[in-house]
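Read the structure below first, then the notes.
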Amino acid sequence: MTNVAVIGTQWGDEGKGKVVDLLTQGANLVVRFQGGNNAGHTLVVGDDTYALHLVPSGILHPDKTAVIGSGVVIDPVVLIEEIENLRKRGVAITPDNLKISEKAHLILPYHKALDAARESASFGQKIGTTGRGIGPAYEDKASRLGLRAGDLLDLDGFKEKLVRAIVEKNHLLTTLYGQAKIEPDSIVQSAKIWAAALSPFIANTFLIIQKASKTGRHILFEGAQGVQLDIDHGTYPFVTSSNPTTGGVAVGSGIAPRDISSVLGLVKAYTSRVGEGPFPTELVNDIGEKIRNVGREFGTTTGRPRRCGWLDAVVVKAAVELCGIDWLAITKLDVLKGLDELKIATHYVLEGEKIDYVPASISDLAKAEPVYETFKGFDQDITGARSLADLPKEARAYLDRLTELVGAKIALVSVGPERNQTIFAHRFFQ
Ligand code: GDP
Ligand code: IMO
Ligand code: MG
(Lines give C-alpha, C1' and ligand atoms only; values in the text may rest on other atoms or scores of the structure.)
(Ligands and ions follow the chains in the order given, each with its own letter.)
Protein backbone atom coordinates (compact mmCIF):
# COMPACT_ATOMS: atom_id res chain seq x y z
CA MET A 1 0.00 0.00 0.00
CA THR A 2 1.26 3.43 -0.94
CA ASN A 3 -1.07 6.31 -0.27
CA VAL A 4 0.06 9.67 -1.58
CA ALA A 5 -1.42 13.07 -0.76
CA VAL A 6 -1.07 15.83 -3.33
CA ILE A 7 -1.08 19.20 -1.55
CA GLY A 8 -0.88 22.74 -2.97
CA THR A 9 1.84 24.57 -1.03
CA GLN A 10 1.00 28.15 -2.06
CA TRP A 11 -2.32 29.92 -2.81
CA GLY A 12 -3.72 27.28 -5.16
CA ASP A 13 -3.43 26.71 -8.91
CA GLU A 14 -0.05 25.00 -8.57
CA GLY A 15 -0.94 22.40 -11.21
CA LYS A 16 -2.52 19.79 -8.93
CA GLY A 17 -4.86 18.63 -11.71
CA LYS A 18 -2.05 17.78 -14.11
CA VAL A 19 -0.02 15.95 -11.48
CA VAL A 20 -2.97 13.99 -10.09
CA ASP A 21 -3.95 12.91 -13.61
CA LEU A 22 -0.38 11.74 -14.18
CA LEU A 23 0.01 9.87 -10.91
CA THR A 24 -3.39 8.21 -11.26
CA GLN A 25 -1.78 5.76 -13.64
CA GLY A 26 -0.13 4.00 -10.71
CA ALA A 27 -2.99 4.38 -8.22
CA ASN A 28 -6.29 2.56 -7.75
CA LEU A 29 -8.35 5.25 -6.06
CA VAL A 30 -8.27 9.04 -6.41
CA VAL A 31 -9.96 10.91 -3.59
CA ARG A 32 -10.86 14.61 -3.33
CA PHE A 33 -11.01 15.44 0.38
CA GLN A 34 -11.98 19.11 0.71
CA GLY A 35 -13.09 22.23 -1.11
CA GLY A 36 -15.82 22.36 -3.68
CA ASN A 37 -16.33 23.88 -7.08
CA ASN A 38 -14.17 26.81 -6.07
CA ALA A 39 -11.42 24.50 -7.34
CA GLY A 40 -10.46 24.53 -11.00
CA HIS A 41 -8.11 21.72 -11.98
CA THR A 42 -6.96 21.67 -15.59
CA LEU A 43 -5.88 18.58 -17.47
CA VAL A 44 -4.36 18.78 -20.92
CA VAL A 45 -4.30 15.64 -23.01
CA GLY A 46 -3.17 16.27 -26.57
CA ASP A 47 -5.63 18.76 -28.09
CA ASP A 48 -8.15 18.27 -25.31
CA THR A 49 -8.36 20.45 -22.22
CA TYR A 50 -10.57 19.47 -19.29
CA ALA A 51 -11.38 21.93 -16.50
CA LEU A 52 -12.58 19.96 -13.49
CA HIS A 53 -14.23 21.47 -10.44
CA LEU A 54 -15.73 18.63 -8.42
CA VAL A 55 -14.95 15.43 -10.28
CA PRO A 56 -11.53 14.12 -9.18
CA SER A 57 -8.68 14.57 -11.66
CA GLY A 58 -8.20 10.81 -12.00
CA ILE A 59 -11.46 10.48 -13.96
CA LEU A 60 -9.79 10.18 -17.37
CA HIS A 61 -8.51 6.75 -16.31
CA PRO A 62 -11.68 4.61 -16.60
CA ASP A 63 -10.33 1.65 -14.66
CA LYS A 64 -9.66 3.71 -11.52
CA THR A 65 -12.16 4.75 -8.87
CA ALA A 66 -12.71 8.48 -8.32
CA VAL A 67 -14.09 9.43 -4.92
CA ILE A 68 -15.62 12.70 -3.78
CA GLY A 69 -14.91 12.48 -0.06
CA SER A 70 -16.88 13.61 2.96
CA GLY A 71 -14.89 16.82 3.35
CA VAL A 72 -15.97 18.16 -0.04
CA VAL A 73 -18.93 20.53 -0.46
CA ILE A 74 -20.95 19.73 -3.56
CA ASP A 75 -23.10 22.00 -5.66
CA PRO A 76 -25.38 19.36 -7.21
CA VAL A 77 -26.16 21.53 -10.22
CA VAL A 78 -22.47 21.92 -11.03
CA LEU A 79 -21.65 18.28 -10.41
CA ILE A 80 -24.46 17.02 -12.64
CA GLU A 81 -23.41 19.39 -15.40
CA GLU A 82 -19.76 18.40 -15.03
CA ILE A 83 -20.61 14.70 -15.29
CA GLU A 84 -22.80 15.33 -18.35
CA ASN A 85 -20.16 17.43 -20.08
CA LEU A 86 -17.46 14.87 -19.47
CA ARG A 87 -19.70 12.10 -20.76
CA LYS A 88 -20.44 14.12 -23.90
CA ARG A 89 -16.71 14.27 -24.47
CA GLY A 90 -16.43 10.50 -24.24
CA VAL A 91 -15.25 10.18 -20.64
CA ALA A 92 -16.81 7.12 -19.04
CA ILE A 93 -18.50 7.99 -15.75
CA THR A 94 -20.49 5.26 -14.04
CA PRO A 95 -21.45 4.38 -10.47
CA ASP A 96 -18.50 1.98 -10.64
CA ASN A 97 -15.83 4.59 -11.24
CA LEU A 98 -17.31 7.62 -9.45
CA LYS A 99 -18.38 7.51 -5.82
CA ILE A 100 -19.81 10.38 -3.82
CA SER A 101 -19.63 10.32 -0.04
CA GLU A 102 -23.05 10.28 1.58
CA LYS A 103 -21.51 12.59 4.19
CA ALA A 104 -20.41 15.31 1.77
CA HIS A 105 -22.38 18.52 2.34
CA LEU A 106 -24.46 20.18 -0.36
CA ILE A 107 -24.12 23.73 -1.57
CA LEU A 108 -27.68 25.04 -1.93
CA PRO A 109 -29.01 28.19 -3.63
CA TYR A 110 -29.07 30.18 -0.38
CA HIS A 111 -25.35 29.51 0.17
CA LYS A 112 -24.56 31.09 -3.18
CA ALA A 113 -26.90 34.00 -2.49
CA LEU A 114 -25.25 34.64 0.89
CA ASP A 115 -21.73 34.38 -0.57
CA ALA A 116 -22.62 37.01 -3.19
CA ALA A 117 -24.46 39.26 -0.73
CA ARG A 118 -21.57 39.27 1.74
CA GLU A 119 -18.99 40.02 -0.91
CA SER A 120 -20.91 43.08 -2.06
CA ALA A 121 -22.14 44.37 1.32
CA SER A 122 -20.76 47.81 2.16
CA PHE A 123 -20.14 46.81 5.78
CA GLY A 124 -18.48 43.49 4.95
CA GLN A 125 -14.95 42.31 4.38
CA LYS A 126 -14.48 41.50 0.69
CA ILE A 127 -12.47 38.28 0.40
CA GLY A 128 -12.63 37.96 -3.36
CA THR A 129 -14.29 34.54 -3.11
CA THR A 130 -15.15 32.48 -6.14
CA GLY A 131 -18.83 33.21 -5.37
CA ARG A 132 -19.69 29.53 -5.34
CA GLY A 133 -21.26 29.43 -1.87
CA ILE A 134 -18.31 27.60 -0.35
CA GLY A 135 -18.03 29.54 2.94
CA PRO A 136 -21.76 29.52 3.75
CA ALA A 137 -21.97 25.77 3.01
CA TYR A 138 -19.11 24.98 5.41
CA GLU A 139 -20.71 27.30 7.99
CA ASP A 140 -23.89 25.24 7.86
CA LYS A 141 -21.86 22.07 8.25
CA ALA A 142 -20.25 23.47 11.41
CA SER A 143 -23.51 24.84 12.75
CA ARG A 144 -25.18 21.48 12.10
CA LEU A 145 -27.73 22.89 9.70
CA GLY A 146 -26.22 21.39 6.57
CA LEU A 147 -27.81 18.98 4.13
CA ARG A 148 -25.67 16.14 2.89
CA ALA A 149 -25.51 14.10 -0.28
CA GLY A 150 -27.02 11.21 1.69
CA ASP A 151 -30.12 13.34 2.36
CA LEU A 152 -30.93 13.11 -1.34
CA LEU A 153 -31.73 9.45 -0.72
CA ASP A 154 -34.66 10.42 1.54
CA LEU A 155 -36.47 13.40 0.08
CA ASP A 156 -39.03 13.67 2.90
CA GLY A 157 -36.21 13.98 5.40
CA PHE A 158 -34.45 16.40 3.02
CA LYS A 159 -37.50 18.68 3.00
CA GLU A 160 -37.80 18.68 6.79
CA LYS A 161 -34.16 19.63 7.27
CA LEU A 162 -34.31 22.21 4.52
CA VAL A 163 -37.34 23.96 6.00
CA ARG A 164 -35.48 24.20 9.31
CA ALA A 165 -32.25 25.44 7.74
CA ILE A 166 -33.74 28.05 5.45
CA VAL A 167 -35.42 30.19 8.13
CA GLU A 168 -32.24 31.96 9.24
CA LYS A 169 -30.99 32.26 5.66
CA ASN A 170 -34.10 34.01 4.46
CA HIS A 171 -34.03 36.32 7.44
CA LEU A 172 -30.46 37.33 6.63
CA LEU A 173 -31.07 37.59 2.90
CA THR A 174 -34.18 39.77 3.17
CA THR A 175 -33.59 41.93 6.23
CA LEU A 176 -29.83 42.36 6.31
CA TYR A 177 -28.92 42.14 2.64
CA GLY A 178 -32.16 43.32 0.97
CA GLN A 179 -32.27 40.26 -1.26
CA ALA A 180 -35.18 38.11 -2.38
CA LYS A 181 -36.43 35.28 -0.20
CA ILE A 182 -35.64 31.75 -1.40
CA GLU A 183 -38.61 29.38 -1.42
CA PRO A 184 -37.90 25.95 0.01
CA ASP A 185 -40.37 24.40 -2.43
CA SER A 186 -38.27 25.36 -5.43
CA ILE A 187 -35.26 23.63 -3.82
CA VAL A 188 -37.34 20.56 -3.01
CA GLN A 189 -38.40 20.37 -6.67
CA SER A 190 -34.77 20.65 -7.79
CA ALA A 191 -33.72 18.05 -5.23
CA LYS A 192 -35.86 15.47 -7.03
CA ILE A 193 -33.80 16.04 -10.18
CA TRP A 194 -30.52 16.00 -8.24
CA ALA A 195 -31.52 12.80 -6.47
CA ALA A 196 -32.41 11.07 -9.74
CA ALA A 197 -29.06 12.02 -11.28
CA LEU A 198 -26.74 11.54 -8.30
CA SER A 199 -28.23 8.74 -6.18
CA PRO A 200 -26.49 5.95 -8.11
CA PHE A 201 -23.12 7.47 -7.21
CA ILE A 202 -23.78 8.10 -3.50
CA ALA A 203 -22.01 5.56 -1.34
CA ASN A 204 -20.33 4.85 1.97
CA THR A 205 -16.92 6.02 0.78
CA PHE A 206 -15.39 5.46 4.21
CA LEU A 207 -15.84 1.71 3.72
CA ILE A 208 -14.51 1.90 0.15
CA ILE A 209 -11.38 3.77 1.24
CA GLN A 210 -10.78 1.54 4.26
CA LYS A 211 -11.16 -1.61 2.18
CA ALA A 212 -8.81 -0.29 -0.48
CA SER A 213 -6.25 0.63 2.14
CA LYS A 214 -6.45 -2.76 3.88
CA THR A 215 -6.15 -4.71 0.66
CA GLY A 216 -2.98 -2.96 -0.46
CA ARG A 217 -4.54 -0.74 -3.10
CA HIS A 218 -2.85 2.58 -3.79
CA ILE A 219 -4.75 5.75 -2.98
CA LEU A 220 -4.04 9.22 -4.30
CA PHE A 221 -5.52 12.11 -2.34
CA GLU A 222 -6.19 15.20 -4.42
CA GLY A 223 -6.05 18.50 -2.58
CA ALA A 224 -7.83 21.60 -3.75
CA GLN A 225 -6.60 25.18 -3.06
CA GLY A 226 -3.32 25.48 -1.16
CA VAL A 227 -1.80 25.80 2.30
CA GLN A 228 -2.03 29.60 2.45
CA LEU A 229 -5.78 29.31 1.79
CA ASP A 230 -6.23 26.93 4.75
CA ILE A 231 -8.87 28.17 7.19
CA ASP A 232 -6.61 27.49 10.20
CA HIS A 233 -3.11 28.01 8.86
CA GLY A 234 -3.53 30.30 5.88
CA THR A 235 -3.65 34.07 5.53
CA TYR A 236 -6.90 34.42 7.48
CA PRO A 237 -9.42 35.91 6.73
CA PHE A 238 -8.32 35.78 3.08
CA VAL A 239 -8.66 32.02 2.92
CA THR A 240 -11.14 29.39 1.88
CA SER A 241 -13.32 27.60 4.44
CA SER A 242 -11.68 24.17 4.55
CA ASN A 243 -8.31 22.54 5.28
CA PRO A 244 -6.26 21.90 2.12
CA THR A 245 -3.42 20.71 4.39
CA THR A 246 -2.48 17.08 5.08
CA GLY A 247 -4.61 17.11 8.22
CA GLY A 248 -7.58 17.65 5.94
CA VAL A 249 -6.82 14.41 4.09
CA ALA A 250 -7.59 12.28 7.12
CA VAL A 251 -10.80 14.04 8.16
CA GLY A 252 -12.04 14.76 4.67
CA SER A 253 -11.75 11.24 3.34
CA GLY A 254 -11.80 8.90 6.33
CA ILE A 255 -8.33 7.45 6.61
CA ALA A 256 -6.00 7.25 9.59
CA PRO A 257 -3.19 9.84 9.39
CA ARG A 258 -0.61 7.04 9.71
CA ASP A 259 -1.94 5.46 6.52
CA ILE A 260 -0.82 8.46 4.44
CA SER A 261 2.55 7.19 3.31
CA SER A 262 3.89 10.11 1.28
CA VAL A 263 3.05 13.75 0.89
CA LEU A 264 3.79 15.45 -2.40
CA GLY A 265 3.87 19.24 -2.19
CA LEU A 266 3.03 21.06 -5.40
CA VAL A 267 5.12 24.17 -5.92
CA LYS A 268 4.60 26.48 -8.85
CA ALA A 269 8.05 27.79 -9.88
CA TYR A 270 6.78 31.28 -9.02
CA THR A 271 3.78 32.37 -6.94
CA SER A 272 0.22 33.30 -7.86
CA ARG A 273 -2.81 34.32 -5.91
CA VAL A 274 -6.44 35.04 -6.87
CA GLY A 275 -8.66 37.26 -4.74
CA GLU A 276 -7.79 39.67 -1.96
CA GLY A 277 -5.15 39.41 0.76
CA PRO A 278 -1.47 40.12 1.32
CA PHE A 279 1.07 38.58 -1.04
CA PRO A 280 4.63 39.61 -0.08
CA THR A 281 6.41 38.63 -3.30
CA GLU A 282 3.75 40.02 -5.67
CA LEU A 283 5.15 41.74 -8.78
CA VAL A 284 2.95 44.64 -9.80
CA ASN A 285 5.13 45.43 -12.80
CA ASP A 286 6.15 44.20 -16.26
CA ILE A 287 7.69 41.02 -14.90
CA GLY A 288 4.46 40.09 -13.09
CA GLU A 289 2.55 40.85 -16.28
CA LYS A 290 4.90 38.74 -18.35
CA ILE A 291 4.60 35.77 -15.98
CA ARG A 292 0.79 36.10 -16.06
CA ASN A 293 0.69 36.11 -19.86
CA VAL A 294 3.26 33.41 -20.51
CA GLY A 295 1.88 31.22 -17.70
CA ARG A 296 -1.72 31.92 -18.76
CA GLU A 297 -2.51 32.84 -15.21
CA PHE A 298 -6.22 33.42 -15.51
CA GLY A 299 -8.56 31.54 -13.18
CA THR A 300 -9.89 28.14 -14.29
CA THR A 301 -13.05 28.74 -12.26
CA THR A 302 -13.73 32.47 -12.49
CA GLY A 303 -11.46 33.64 -15.32
CA ARG A 304 -10.00 36.36 -13.06
CA PRO A 305 -6.39 37.40 -13.74
CA ARG A 306 -4.16 35.80 -11.14
CA ARG A 307 -1.75 38.04 -9.25
CA CYS A 308 1.81 36.82 -9.93
CA GLY A 309 5.12 37.15 -8.11
CA TRP A 310 8.46 35.60 -7.25
CA LEU A 311 8.77 32.21 -5.61
CA ASP A 312 8.41 32.51 -1.84
CA ALA A 313 10.43 29.90 0.05
CA VAL A 314 9.00 31.11 3.37
CA VAL A 315 5.57 30.03 2.18
CA VAL A 316 6.79 26.72 0.74
CA LYS A 317 8.80 25.90 3.88
CA ALA A 318 5.71 26.51 6.02
CA ALA A 319 3.83 24.01 3.85
CA VAL A 320 6.63 21.44 4.09
CA GLU A 321 6.63 21.66 7.88
CA LEU A 322 2.87 21.79 8.41
CA CYS A 323 2.02 19.07 5.91
CA GLY A 324 4.93 16.68 6.37
CA ILE A 325 5.86 17.10 2.73
CA ASP A 326 8.65 14.74 1.78
CA TRP A 327 8.58 15.28 -1.95
CA LEU A 328 8.11 18.31 -4.16
CA ALA A 329 6.56 18.58 -7.60
CA ILE A 330 7.76 21.80 -9.21
CA THR A 331 5.44 23.01 -11.93
CA LYS A 332 5.50 25.63 -14.69
CA LEU A 333 9.27 26.00 -14.65
CA ASP A 334 9.06 26.57 -18.44
CA VAL A 335 7.17 29.82 -17.81
CA LEU A 336 10.30 31.46 -16.34
CA LYS A 337 12.24 31.12 -19.59
CA GLY A 338 13.60 34.41 -20.89
CA LEU A 339 13.69 36.34 -17.61
CA ASP A 340 17.15 37.89 -17.04
CA GLU A 341 17.11 36.98 -13.41
CA LEU A 342 15.00 34.90 -11.05
CA LYS A 343 14.39 35.53 -7.38
CA ILE A 344 13.47 33.43 -4.38
CA ALA A 345 12.38 35.05 -1.13
CA THR A 346 14.37 33.35 1.63
CA HIS A 347 12.91 35.29 4.56
CA TYR A 348 11.09 38.52 5.41
CA VAL A 349 11.99 41.61 7.36
CA LEU A 350 9.24 42.80 9.66
CA GLU A 351 9.79 46.10 11.44
CA GLY A 352 13.54 45.73 11.16
CA GLU A 353 13.58 42.13 12.35
CA LYS A 354 14.41 39.09 10.25
CA ILE A 355 11.67 36.41 10.30
CA ASP A 356 11.49 33.10 8.48
CA TYR A 357 7.81 32.29 9.00
CA VAL A 358 4.49 33.62 7.70
CA PRO A 359 3.14 35.92 10.43
CA ALA A 360 -0.40 35.12 11.62
CA SER A 361 -1.41 38.76 11.64
CA ILE A 362 -2.52 39.94 8.24
CA SER A 363 -1.30 43.47 8.91
CA ASP A 364 2.14 42.12 9.82
CA LEU A 365 2.19 40.03 6.64
CA ALA A 366 1.23 43.09 4.62
CA LYS A 367 4.21 44.94 6.15
CA ALA A 368 6.66 42.04 5.77
CA GLU A 369 9.37 42.88 3.22
CA PRO A 370 10.63 39.84 1.31
CA VAL A 371 14.40 39.41 1.17
CA TYR A 372 15.54 37.77 -2.05
CA GLU A 373 18.36 35.66 -3.38
CA THR A 374 18.89 36.36 -7.06
CA PHE A 375 19.66 33.74 -9.68
CA LYS A 376 20.66 33.92 -13.31
CA GLY A 377 17.75 33.30 -15.64
CA PHE A 378 17.70 30.81 -18.53
CA ASP A 379 16.83 31.39 -22.14
CA GLN A 380 16.42 27.88 -23.48
CA ASP A 381 13.10 26.22 -24.25
CA ILE A 382 12.88 23.51 -21.58
CA THR A 383 9.56 21.95 -22.57
CA GLY A 384 11.44 19.03 -24.10
CA ALA A 385 13.46 18.26 -20.94
CA ARG A 386 12.78 14.77 -19.64
CA SER A 387 15.48 14.44 -16.97
CA LEU A 388 16.96 16.90 -14.49
CA ALA A 389 20.19 16.71 -16.48
CA ASP A 390 18.36 18.14 -19.52
CA LEU A 391 17.68 21.39 -17.67
CA PRO A 392 19.98 24.39 -18.10
CA LYS A 393 22.39 24.77 -15.20
CA GLU A 394 20.75 28.04 -14.17
CA ALA A 395 17.38 26.31 -13.77
CA ARG A 396 18.99 23.54 -11.77
CA ALA A 397 20.71 26.01 -9.47
CA TYR A 398 17.33 27.64 -8.84
CA LEU A 399 15.69 24.31 -7.98
CA ASP A 400 18.63 23.11 -5.87
CA ARG A 401 18.49 26.22 -3.75
CA LEU A 402 14.74 25.86 -3.28
CA THR A 403 15.08 22.28 -2.02
CA GLU A 404 17.83 23.39 0.34
CA LEU A 405 15.72 26.24 1.70
CA VAL A 406 12.58 24.21 2.29
CA GLY A 407 14.01 20.79 3.19
CA ALA A 408 12.29 18.45 0.74
CA LYS A 409 13.43 16.56 -2.36
CA ILE A 410 12.22 16.89 -5.91
CA ALA A 411 10.05 14.05 -7.19
CA LEU A 412 8.88 15.69 -10.37
CA VAL A 413 9.36 18.81 -12.47
CA SER A 414 6.65 19.88 -14.87
CA VAL A 415 7.87 21.76 -17.94
CA GLY A 416 4.59 22.19 -19.81
CA PRO A 417 0.86 21.47 -19.43
CA GLU A 418 0.94 18.17 -21.36
CA ARG A 419 1.26 14.81 -19.64
CA ASN A 420 4.59 14.02 -21.29
CA GLN A 421 6.10 17.42 -20.48
CA THR A 422 7.29 16.05 -17.19
CA ILE A 423 10.56 15.07 -15.54
CA PHE A 424 10.27 12.21 -13.07
CA ALA A 425 12.96 11.99 -10.42
CA HIS A 426 11.03 9.63 -8.12
CA ARG A 427 8.25 7.10 -8.71
CA PHE A 428 5.61 6.69 -6.03
CA PHE A 429 3.73 3.60 -7.10
CA GLN A 430 5.91 0.68 -8.18
P1 GDP B 1 -4.63 23.44 -10.00
O2 GDP B 1 -5.79 24.23 -9.52
O3 GDP B 1 -3.57 23.31 -8.98
O4 GDP B 1 -5.03 22.11 -10.58
O5 GDP B 1 -4.01 24.29 -11.20
P6 GDP B 1 -4.83 24.96 -12.43
O7 GDP B 1 -5.25 23.88 -13.34
O8 GDP B 1 -5.85 25.89 -11.91
O9 GDP B 1 -3.70 25.87 -13.04
C10 GDP B 1 -2.54 25.34 -13.59
C11 GDP B 1 -2.50 25.72 -15.08
O12 GDP B 1 -1.19 25.55 -15.58
C13 GDP B 1 -3.36 24.85 -15.96
O14 GDP B 1 -3.84 25.60 -17.03
C15 GDP B 1 -2.42 23.76 -16.45
O16 GDP B 1 -2.79 23.22 -17.70
C17 GDP B 1 -1.14 24.54 -16.58
N18 GDP B 1 0.07 23.79 -16.30
C19 GDP B 1 0.29 22.78 -15.42
N20 GDP B 1 1.59 22.45 -15.38
C21 GDP B 1 2.22 23.27 -16.26
C22 GDP B 1 3.59 23.43 -16.66
O23 GDP B 1 4.50 22.77 -16.17
N24 GDP B 1 3.84 24.41 -17.58
C25 GDP B 1 2.87 25.18 -18.12
N26 GDP B 1 3.22 26.10 -19.01
N27 GDP B 1 1.58 25.05 -17.78
C28 GDP B 1 1.27 24.12 -16.85
P1 IMO C 1 -7.59 25.32 -6.91
O2 IMO C 1 -8.04 24.00 -6.32
C3 IMO C 1 -6.91 29.59 -6.26
C4 IMO C 1 -9.51 31.58 -3.33
C5 IMO C 1 -10.49 32.61 -3.84
C6 IMO C 1 -10.55 33.55 -2.66
C7 IMO C 1 -10.48 32.59 -1.48
C8 IMO C 1 -11.83 32.23 -0.88
O9 IMO C 1 -7.94 25.48 -8.35
O10 IMO C 1 -6.18 25.59 -6.57
P11 IMO C 1 -13.83 30.68 -1.71
O12 IMO C 1 -14.68 30.76 -2.94
O13 IMO C 1 -13.09 29.41 -1.55
O14 IMO C 1 -14.59 31.04 -0.46
O15 IMO C 1 -12.73 31.87 -1.91
O16 IMO C 1 -9.86 31.41 -1.97
N17 IMO C 1 -9.60 30.24 -3.98
C18 IMO C 1 -8.71 29.78 -4.86
N19 IMO C 1 -7.62 30.36 -5.41
N20 IMO C 1 -7.20 28.31 -6.57
C21 IMO C 1 -8.28 27.70 -6.00
O22 IMO C 1 -8.54 26.39 -6.15
C23 IMO C 1 -9.12 28.46 -5.14
N24 IMO C 1 -10.24 28.18 -4.45
C25 IMO C 1 -10.52 29.28 -3.74
O26 IMO C 1 -10.00 33.24 -5.01
O27 IMO C 1 -9.39 34.34 -2.61
MG1 MG D 1 -6.95 25.86 -10.09
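The values are calculated or read from the model by the stated rules, or taken from the named source; none is laboratory data. Because the structure is a prediction, the values reported are computed rather than measured. Positions of Cβ are backbone-derived with ideal geometry, glycine not excepted, and every protein chain shown enters the neighbour counts.
If you go through region 129-164 one residue at a time, how many are without any contact (Cβ under 8 Å) to a residue 40 or more places away in the chain and either buried (at least 22 other Cβ atoms within 10 Å of the Cβ) or touching a helix residue (DSSP H, G or I) at 6+ places or on another chain (Cβ under 8 Å) (or both)? Of the residues in region 129-164, 8 are without any contact (Cβ under 8 Å) to a residue 40 or more places away in the chain and either buried (at least 22 other Cβ atoms within 10 Å of the Cβ) or touching a helix residue (DSSP H, G or I) at 6+ places or on another chain (Cβ under 8 Å) (or both). Scanning region 42-55 for residues that are in a loop (DSSP other than H, G, I, E, B) and touching a helix residue (DSSP H, G or I) at 6+ places or on another chain (Cβ under 7 Å), we see that the one that is farthest from ligand 2 (Cβ to nearest atom) is Val55. No other residue among Asp96, Asp115, Asp48 is modelled with pLDDT of 95 or more, among the charged types (D, E, K, R) and out of contact with any Lys or Arg (no Cβ under 8 Å at 6 or more places or on another chain) apart from Asp96. Within region 95-131, the residues that satisfy the criterion of being under 14 Å from Ile202 (Cβ atoms) and either in contact with a Pro (Cβ under 8 Å, 6 or more places away or on another chain) or of a type outside the set (Val, Ile, Thr) (or both) are Pro95, Asp96, Leu98, Lys99, Ser101, Glu102, Lys103, Ala104, His105, Leu106. Taking Val78 as the residue in question, decide whether it is within 14 Å of ligand 2 (Cβ to nearest atom) and within 19 Å of the chain's Cα centre (by Cα). Yes.
Among the residues of region 353-379, which ones are surrounded by 15 or more Cβ atoms within 10 Å (Cβ to Cβ), part of a loop (DSSP other than H, G, I, E, B) and over 25 Å from the mean Cα position of the chain (by Cα)? Passing the criteria: Ala368, Gly377, Phe378. Within region 2-57, the residues that satisfy the criterion of being aromatic (Phe, Trp, Tyr) and within 12 Å of the chain's Cα centre (by Cα) are Trp11, Phe33.
One residue alone among Ala66, Ala39 is assigned to a strand (DSSP E or B) and in the same structural domain as Leu264 (by TED's automatic domain parsing), and that residue is Ala66.
Within region 1-20, if we keep just the residues that are outside any strand (DSSP E or B) and closer than 19 Å to Ser253 by Cα, the residue that is farthest from ligand 2 (Cβ to nearest atom) turns out to be Met1. For residues in region 200-209 being farther than 15 Å from Val4 by Cα and assigned to a helix (DSSP H, G or I), which is farthest from the chain's Cα centre (by Cα)? Only one residue fits best here, namely Pro200. Thr2 meets all of the listed conditions (1) more than 13 Å from ligand 1 (Cβ to nearest atom); (2) within 21 Å of Ser101 (Cβ to Cβ) but one, namely (2). Going by what's in this entry, would Glu289 be described as at pLDDT 95 or above, among the acidic types (Asp, Glu), within 16 Å of ligand 2 (Cβ to nearest atom) and under 28 Å from Gln380 (Cα atoms)? Against the criterion (at pLDDT 95 or above, among the acidic types (Asp, Glu), within 16 Å of ligand 2 (Cβ to nearest atom) and under 28 Å from Gln380 (Cα atoms)), Glu289 does not qualify.
Across region 305-331, the qualifying residues are those that are under 29 Å from Leu350 (Cβ atoms) and charged (D, E, K, R), and the one among them that is nearest to ligand 1 (Cβ to nearest atom) is Arg306.
Scoring His61 on the criteria (1) crowded, with 24+ Cβ neighbours inside 10 Å; (2) outside any helix (DSSP H, G or I) leaves a single failure, condition (1). Beta carbons closer than 6 Å, at least 6 apart along the sequence or on distinct chains, pair a first residue in region 32-52 that is of a type in the set (S, T, N, Q) with a second that is modelled with pLDDT under 95 for Thr42/Thr300. Across region 283-301, the qualifying residues are those that are farther than 24 Å from His41 by Cβ and surrounded by fewer than 17 Cβ atoms within 10 Å (Cβ to Cβ), and the one among them that is nearest to ligand 1 (Cβ to nearest atom) is Lys290. Of the residues in region 319-340, at least one is surrounded by fewer than 16 Cβ atoms within 10 Å (Cβ to Cβ) and farther than 30 Å from Arg258 by Cβ. Consider region 87-135 and keep the residues that are in contact with a Phe, Trp or Tyr (Cβ under 7 Å, 6 or more places away or on another chain) and aliphatic (A, V, I, L, M). The one that is nearest to ligand 2 (Cβ to nearest atom) is Ile127. Screening the candidates Ser242, Ser213, Ser253, Ser262 for the property of being in contact (Cβ under 8 Å) with a residue 12 or more places away in the chain, of a type in the set (Ser, Thr, Tyr), within 16 Å of ligand 1 (Cβ to nearest atom) and closer than 30 Å to Glu14 by Cβ yields one hit, Ser242. For region 265-293, the set of residues classified as more than 25 Å from Val413 (Cβ to Cβ), more than 16 Å from ligand 3 (Cβ to nearest atom) and not acidic (Asp, Glu) consists of Gly277, Pro278, Val284, Asn285, listed by residue number. Within region 3-15, if we keep just the residues that are within 16 Å of ligand 3 (Cβ to nearest atom) and in contact with a Ser or Thr (Cβ under 7 Å, 6 or more places away or on another chain), the residue that is nearest to Gly277 (Cα to Cα) turns out to be Trp11.
The residues of region 263-315 that are within 22 Å of Tyr236 (Cβ to Cβ), part of a loop (DSSP other than H, G, I, E, B) and among the β-branched types (Val, Ile, Thr), listed by number, are Val274, Thr281, Thr301, Thr302. Scanning region 400-430 for residues that are among the aliphatic types (A, V, I, L, M) and either at pLDDT below 95 or under 23 Å from the mean Cα position of the chain (by Cα) (or both) gives Leu402, Val406, Ala408, Ile410, Ala411, Leu412, Val413, Val415, Ile423.
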